[in-house]
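Here's the structure, in structure tokens; my notes come after.
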Amino acid sequence: MKTAILITGLAAALLIAEPASAATGQLDTFSASSVSILAGDTVDFIASFSISTDSGFTGGSNTIEPAPVEGYQVWEVNWYQSWSESVADVQLQAAGASFGGVAASSGSWSFSSSFTDPGELAP
């Protein structure tokens, strides 16, 4: 099963695009070089993430059907289930820009954004 993750906006919320059995993702750090911005300032940002994927295997045994014989014979029912999640794509969208996707369970981006209006970055 492939799980796609999208990190969106400066608040950087994680959304799982496809249902997953137990995968979880989080934004580990998100920092800015300045929180007070003057008109025309450029601010440098760093965002890092990590994703924990799930895998497992369950089942019975006795995988080989016995050869037919005369008389009473029993072959127990066998059942197996396995699953493995992997990260298909992680993208960062911030300040109106999209930053390349990566297919990894952890990573980071650094980027800069220029602001035309003065203000304060919300905590």
Qualifying residue in the range 69-84 (condition: surrounded by 10 or more Cβ atoms within 10 Å (Cβ to Cβ) and touching a residue at least 60 places away in the same chain (Cβ under 8 Å)): yes
Residues located in the range 13-47, provided they are acidic (Asp, Glu) and at pLDDT below 85: GLU18
Test: residue in the range 30-48 that is exposed (fewer than 12 other Cβ atoms within 10 Å of the Cβ), among the aliphatic types (A, V, I, L, M) and touching a Phe, Trp or Tyr at 6+ places or on another chain (Cβ under 8 Å): yes
Of the criteria (1) in a strand (DSSP E or B); (2) at pLDDT below 85, which one GLN81 fails: (2)
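Of all residues in the range 48-74, count the ones that are of a type in the set (Asp, Glu), over 30 Å from LEU92 (Cα atoms) and either modelled with pLDDT of 85 or more or in contact with a Leu (Cβ under 7 Å, 6 or more places away or on another chain) (or both). Working first, answer last.
Going residue by residue through the range 48-74, those that are of a type in the set (Asp, Glu) are 54, 65, 70.
From the residues that got through so far, the ones that are over 30 Å from LEU92 (Cα atoms) too are 65, 70.
From what's left, either modelled with pLDDT of 85 or more or in contact with a Leu (Cβ under 7 Å, 6 or more places away or on another chain) (or both): 70.
Number satisfying all stated conditions: 1.
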Any hit, the range 93-105, residues being modelled with pLDDT of 85 or more, hydrophobic (A, V, I, L, M, F, W, C), over 14 Å from the mean Cα position of the chain (by Cα) and outside any loop (DSSP other than H, G, I, E, B): no
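The values are calculated or read from the model by the stated rules, or taken from the named source; none is laboratory data. Model, not experiment: these values are computed from the prediction. Neighbour counts are summed over all protein chains in view; Cβ atoms, including those assigned to glycine, are modelled from backbone coordinates with ideal geometry.
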